[in-house]
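Rule-based calculations on the coordinates, nothing more; no lab input. Not measured: the values here are computed from a predicted model. For neighbour counting, all protein chains shown are included, and Cβ atoms are generated from backbone atoms with ideal geometry for every residue, glycine included.
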Amino acid sequence: MAFRLADPEATYPTPVAIAVPAADGKTEKLGCILHFRLLGAAEVRDLALEGDEAYLTGILAGWEEISDFDGEPLEFNGTNVEKLARIDYFIRSVAEAYDRFSQGLPAKNSVASLASGSAGGAARTKRKKTHARSVSG
């Protein structure tokens, strides 16, 4: 099969393990699915320099398996991206996962079975043009 450029409108649902601090001083890996955009390295560096909220807004097109404190699904929107951008361990886990994703490396310490019920790898989906590069609040 010949190499093809990535579709610039595609997003990539990717299982991610979030290392959450546990009561015993260790960490617990909890899973979610993050819908990543494939951006150029320079663009990702620029987003990172703008801060955690800009970074998340730039690289994420959506998510699954993230809940609020009551266990209800957390809607993907600007307000919730802002909340997650304040959680250092979330940012660290996402940055590590995005770095591996953007380099074409397999997920490390993935909890794909927790997040999606399968370890079959990331699927490719088209993002809607109306949601390109923005998250509403």
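Determine the sum of side-chain charges near A19: Lys and Arg each +1, Asp and Glu each -1, restricted to other residues whose C-beta is under 10 angstrom from that of A19. Before the final figure, lay out each step's value.
Values: positive: K26, K29, R92; negative: E28, E96.
With Lys, Arg at +1 and Asp, Glu at -1, the net is +1.
Taking R0 as 22 Å, what FRET efficiency do you get between Q103 and N77 from their Cβ-Cβ distance, rounded to the nearest 0.05?
About 0.15, to the nearest 0.05.
How do the peptides 10-23, 81-94 rank, highest first, by the average count of neighbouring beta carbon atoms within 10 Å per residue?
Output ranking for 10-23, 81-94: 10-23, 81-94.
Let me know the shape class of the stretch 1-53, please: from the alpha-carbon gyration tensor, a ≥ b ≥ c as square roots of the eigenvalues, rounded when a/c is under 1.5, otherwise prolate if a/b is greater than b/c, or oblate.
oblate
Could you size up the charge dipole of the stretch 5-50 around its Cα centre, putting +1 on the beta carbon of Lys and Arg and -1 on that of Asp and Glu, and report it in debye to the nearest 20?
200
Taking only C-alpha pairs under 8 Å that are 6+ residues apart, what is the relative contact order of the stretch 10-112 in percent?
RCO, the stretch 10-112: 33 percent.
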